[in-house]
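Asker: Below is the structure I would like to discuss, written out as structure tokens.
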Amino acid sequence: MKPTFEEMTLTDEQLREVERQMAEYTQGVDDIIPTEELKMKVAKSMIDKRPLKVKLGLDPSAPDIHLGHTVVLNKIRQFQENGHEIHLIIGDFTGKIGDPTGKSTARVQLTDEVVKQNAQTYFDQFGKLIDMDRVVLHYNSKWLKGLSLEDVIGLAGKITVARMIERDDFEERLALGKPISLHEFFYPLLQGYDSIHLESDIEIGGTDQHFNILMGRHFQEKFGREKQVAILMPLLEGLDGVEKMSKSKHNYIGIDESPADMYGKTMSLPDELMPKFFTLATGFPQETIEATLRALSSGNLHPRDAKMRLAKRFVELYHGEEAADQAEQGFKRVFQLRLLPEDMEQRKIPNGESVTLLEAVMKFDLFASKSEAKRMIAGGGVRINGDKQTDSDAPILLKAGMILQVGKRKFIQLKD
């Protein structure tokens, strides 16, 4: 029988260090399964002078990193800064199956070339948040390709069909009569096997990965290994304040976006999301976050000023202090002083061309589709030289110097 934490022999200094690390690891989490085991693992790593193996599995199907992804990476950074080993697993084998999490249909299977391209994009962007020189990288094809059919059948024999269809997405598709391909069941099985091969102590992911991460604990137990602790992080809502932040939903703030776009998008966040964004995405010390939220709640800090602090922090994190200062000044110039931005994008036009307003905005790629453009125009979201336009069919004579504005942040100036 394993000793309890109270039965472990720790010095006063080690006890204080365990409490310090646990205060960091529990900050902002949705759930730790189970918390007591995490505390014991941290303590044991001190006694044995052995860093913990912290696992993060990556589905290489969508390589662009946005602020929603940084919630998990910020938690990973805490472990790294405390001397623990970060193991990133690129699912180049499982990526060909496609993670069914949250999907109403089977995922498109990826080619080797696409997986490698996406993985490299991950590495380049992750370096903005964690020290990639101190990360152990794995591709799970290295061990999964070596499994025999007998191995795979044996693995499948350690989980029931009833347990598999407990997954919300599978259960929902069954209820709606939508097909589930048999190969989709193998994604969580193989992700769980990754934890066996790696002998991971901790796996971190979003709450949408709850089932997949617990599968690692399940199989480690079935194979007689020490079970990993699951740390589940909340999901950040996007700019709409409703849906999970996602590039496919066009409600995201990408960490590679321009400083001006990153700042402007942050300023459009609903006020009620600010506490969550400060807590999960800024990397501020806990005391700074708590002081900010107290000031916001008491009315001593205006929501606009809090949001500007948030926007500047994000630009500073991913583009540096100078870019953050410039983005802030640019925002004040356009929105507080009602002046035009100094660095408007220039677009060349044949002077004197006559088009409709809809044709003009589509000509300059200001919208992804005509239907989206029509909705924005009808809602008063398009201006020419500062004047609101609401008629998609209105004739427009394109001239050098003309300024087209879409929404609050997008400006282009026409030139010969």
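The values are calculated or read from the model by the stated rules, or taken from the named source; none is laboratory data. Being a predicted model, the structure only gives us computed values, none of them experimental. Heads up, the Cβs are rebuilt from the backbone with ideal geometry, glycines too, and the neighbour counts pull from every protein chain shown. Heads up: the accessible areas ignore ligands, DNA and RNA and are worked out on the full protein's heavy atoms, side chains in. Shrake-Rupley method; radii C 1.70, N 1.55, O 1.52, S 1.80 Å.
Asker: Relative to the present Cα-Cα distance, how much length would full extension add between Leu10 and Gln329 at 0.36 nm per residue of separation?
Answerer: 109.6 nm
Asker: If I model a spin label as a point 7 Å beyond the Cα along the Cα-Cβ vector, how far apart are those points for Leu273 and Glu24 in nm?
Answerer: Label at Leu273, label at Glu24, 2.8 nm between them.
Asker: As a check on your grasp of the helix formula, calculate [θ] at 222 nm for the chain: sum -39500 (n - 2.57) over DSSP H runs of n ≥ 4, divide by the residue count, round to the nearest 500.
Answerer: Rounded to the nearest 500, the figure is -13000 deg cm²/dmol.
Asker: For the chain, give the share of DSSP beta bridges that are antiparallel, in percent and rounded to the nearest 5; count only bridges with both residues there.
Answerer: Taking every DSSP beta bridge with both residues in the chain, the antiparallel ones total about 45 percent.
Asker: Quick one: net charge of Arg313's neighbours, Cβ under 11 Å, K/R +1, D/E -1?
Answerer: It works out to a net charge of 0.
Asker: Moving on. Mind pulling the angle between the C-alpha long axis of helix 186-198 and the longest principal axis of the chain? Nearest 10 degrees, somewhere in 0 to 90.
Answerer: The angle comes out near 60 degrees.
Asker: Another one. Take the Cβ-Cβ distance between Gln120 and Glu345 as r, set R0 to 41 Å, and report the resulting FRET efficiency rounded to the nearest 0.05.
Answerer: 0.90
Asker: If you don't mind, there's one more thing I want to ask. In Å, what is the Rg of the alpha-carbon atoms in the chain, and how long is Dmax?
Answerer: Both quantities, over Cα of the chain: 25.1, 85 Å.
Asker: Further question: Hey, if we sort His319, His250 by accessible area with the 1.4 Å probe, largest down, what's the order?
Answerer: His250, His319
Asker: Working from Cα positions, state the angle (0 to 90°, nearest 10) between the long axis of helix 303-319 and the longest principal axis of the chain.
Answerer: Result, in degrees: 70.
Asker: Gain in length, Val136 to Asp261, computed as 0.36 nm per residue apart minus the alpha-carbon separation, to one decimal in nm?
Answerer: 41.7 nm
Asker: For the pair Ala162 and His183, what calculated FRET efficiency results from E = 1/(1 + (r/R0)^6), where r is the Cβ-Cβ distance and R0 = 22 Å, to the nearest 0.05?
Answerer: According to the calculation, E is roughly 0.70.
Asker: Could I have the simple spin-label model distance between Glu322 and Lys49, label points 7 Å from Cα toward Cβ, reported in nm to one decimal?
Answerer: Here the answer is 4.5 nm between the modelled labels.
Asker: Okay, moving on. Mind jotting down a quarter of the surface of the convex hull over the alpha carbons of the range 225-371, in square nanometres, one decimal?
Answerer: Computing the convex hull of the Cα atoms and averaging its projections yields 13.9 nm².
Asker: How large is the Rg to Rh ratio of the range 285-409 when both quantities use alpha carbon positions and Rh follows Kirkwood?
Answerer: Looking at the range 285-409, the ratio lands at 1.10.
Asker: What spacing in nm lies between the two simple spin-label points modelled at Lys249 and Asn300, each 7 Å away from Cα in the Cβ direction?
Answerer: 3.5 nm
Asker: Then there's this: Provide the descending list of Cα extents for the range 163-306 along its principal axes, expressed in whole angstroms.
Answerer: 55, 38, 30
Asker: Could you tell me how many degrees, from 0 to 90 and to the nearest 10, lie between the Cα long axis of helix 67-81 and the main elongation axis, the longest principal axis, of the Cα atoms of the chain?
Answerer: Value to nearest ten degrees: 40.
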